[in-house]
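Novice: Next up is a structure, given as structure tokens.
The values are calculated or read from the model by the stated rules, or taken from the named source; none is laboratory data. In this text, all values refer to a predicted model and were calculated from it rather than measured experimentally. Positions of Cβ are generated from backbone atoms using ideal geometry, with glycine treated the same way; all protein chains shown enter the neighbour counts.
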Amino acid sequence: MALAYLWASVCLLTLLGILSVHIMGFLEQRNKFQVEGRTVLLTGGSQGMGREVAKLLARRGANVIIVARDLKKLQAALEYVKAAAKDLSTQRFHVISADVTSESENARVISEATTWNNGRVPEIVWANAGAAKPGLFVETSVETMRKQMDINYWAAVYLAHQILKAWLYPSTPYPAASPNSKGRIKSEPPRHFIMTSSSAAFAGVAGYSPYSPAKTALRGLADALRNEILLYNGARRSPNTTKQSPTPFDIHIQTIYPGTIQSPGLEIENSSKHPVTHILESSDPVQTELEAATAAIQGLENGNYMTPTNWLGGLMRFGALGGSPKDNIIKDMLGQWLSSIVWLFVSPDLEAKVWGWGKKEGMPELKAEAK
């Protein structure tokens, strides 16, 4: 009996040890976001987190194309990114000036990037362009809210539509792949389509009503696309695919959720941010552009589908997971359970602060642009 208890204890401790290692994410160390020698197209790459992401990609050996409106900023960012290159003798860099809120401009971006890349569609595309203009809902004009949706949602939709069609239905069909001696079709490394959302997509906060709905919509798009793309990943393994030569690669959909980043964009945000929003954010962690970019790349290298860039975003993600895919089943299940308890205290506190501000300060004056 004692021996049975001993072995049971050993087995239990071993299981707990394995679970602990799994929770900490140490079992799978393989880099799942290989960029060396591949071409990355990044929108919103002339400043902020995007510029730092481009630098980190260059440091890892990628060819980098950065996209933004301001050509002068793009040229300056290009030099900054090239300075971090792993090997300038083999890596290439390019800029494209474009308004990504336009569908036709996104088509031009993919076409120009493909031509520059010697006729090969970029293997990694990152929809990072975005901007926040916070404010109270009734004080914000409908025009401003439309513009927020254009840059924070539609820009990514247009880019996704163009790149997925280019990958899945190229103008020149992929050559038919023959199986190897084991009957397996040789695969190329996966393509990655990445979207930068925001931790504002996880919880509604007073003062972000013009901005957070667009980022929440982006999260919904990512969930739907990730599920839908499995159809194509499966079809390339089907013997019944005859109408179109299947892709020799899988496609991965991934999302990044930054929080507050100390950047030029934050200064613009703060110019329209309501005082109550400042109060609600007063204890939030603030990252540098490089810290946020580093966390984003690390999440992609770990193979994560949803990557918050700071600890607060990670906690908020647990509470908002719902049916979204889990990156780590055990950690995410425990996190969801814990967050359900935490939100019992956090939600009333946030609501009390907003209510208290109204009681103390009185009725806000309606701004001219919203009249």
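Novice: Please go through the stretch 56-98 and give me each residue that is among the β-branched types (Val, Ile, Thr) and either more than 20 Å from Thr294 (Cα to Cα) or in contact (Cβ under 8 Å) with a residue 60 or more places away in the chain (or both), ordered by number.
Specialist: Matches in the stretch 56-98: Val67, Thr90, Val95, Ile96.
Novice: Taking Glu112 as meeting all but one of (1) closer than 29 Å to Pro213 by Cα; (2) without any contact (Cβ under 8 Å) to a residue 24 or more places away in the chain, write down the number of the exception.
Specialist: Every listed condition holds for Glu112 apart from (1).
Novice: From Val35, Val64, grab the single residue that is crowded, with 24+ Cβ neighbours inside 10 Å, in contact with an Asp or Glu (Cβ under 9 Å, 6 or more places away or on another chain) and not basic (Lys, Arg).
Specialist: None of the other options fit; the residue is Val35.
Novice: Separate question: Pull up the stretch 301-312, narrow it to residues that are assigned to a helix (DSSP H, G or I) and at pLDDT 90 or above, then point me to the one that is nearest to Gly335 (Cα to Cα).
Specialist: Only one residue fits best here, namely Trp311.
Novice: For the stretch 202-283, which helices (runs of 4 or more DSSP H) that fit wholly inside it have 1 or more residues that are touching a strand residue (DSSP E or B) at 6+ places or on another chain (Cβ under 8 Å) and modelled with pLDDT under 85?
Specialist: Those helices (runs of 4 or more DSSP H) do not exist here; none qualify.
Novice: Any residue at all in the stretch 336-352 that's part of a loop (DSSP other than H, G, I, E, B) and over 30 Å from Leu56 (Cα atoms)?
Specialist: The answer is no; no qualifying residue exists.
Novice: Specify which of the listed residues (Leu15, Leu74) is modelled with pLDDT of 95 or more, part of a helix (DSSP H, G or I) and of a type in the set (A, V, I, L, M, F, W, C).
Specialist: Leu74
Novice: Could you check the stretch 99-133 and list, in sequence order, the residues that are surrounded by fewer than 21 Cβ atoms within 10 Å (Cβ to Cβ) and not in a helix (DSSP H, G or I)?
Specialist: Selection gives Asp99, Thr101, Ser102, Asn117, Asn118, Gly119, Arg120, Val121, Ala131, Lys133.
Novice: Of all the residues that make up the stretch 284-300, how many are crowded, with 18+ Cβ neighbours inside 10 Å and either assigned to a loop (DSSP other than H, G, I, E, B) or of a type in the set (Phe, Trp, Tyr) (or both)?
Specialist: Number satisfying all stated conditions: 0.
Novice: Restricting the search to the stretch 134-173, which residues are in a helix (DSSP H, G or I) and aromatic (Phe, Trp, Tyr)?
Specialist: Answer for the stretch 134-173, where residues must be in a helix (DSSP H, G or I) and aromatic (Phe, Trp, Tyr): Phe137, Tyr153, Trp154, Tyr158, Trp167.
Novice: While we're here: Among the residues in the stretch 57-65, are any outside any helix (DSSP H, G or I), among the polar types (S, T, N, Q) and modelled with pLDDT of 95 or more?
Specialist: yes
Novice: Additional query: What pairs come out if I take residues in the stretch 273-300 that are over 26 Å from Val53 (Cβ atoms) and pair them with residues that are among the aromatic types (Phe, Trp, Tyr) and surrounded by 21 or more Cβ atoms within 10 Å (Cβ to Cβ) whose C-beta lies under 8 Å away, six or more apart or interchain?
Specialist: Close Cβ pairs satisfying both conditions: Thr277/Tyr208.
Novice: Report yes if some residue within the stretch 219-226 is surrounded by 19 or more Cβ atoms within 10 Å (Cβ to Cβ) and free of Cβ contacts under 8 Å to residues at least 24 places away in the same chain; otherwise report no.
Specialist: no
Novice: If a residue must be over 17 Å from the mean Cα position of the chain (by Cα), among the polar types (S, T, N, Q) and assigned to a loop (DSSP other than H, G, I, E, B), how many such residues does the stretch 26-45 contain?
Specialist: Going through the stretch 26-45 one residue at a time, the tally reaches 2.
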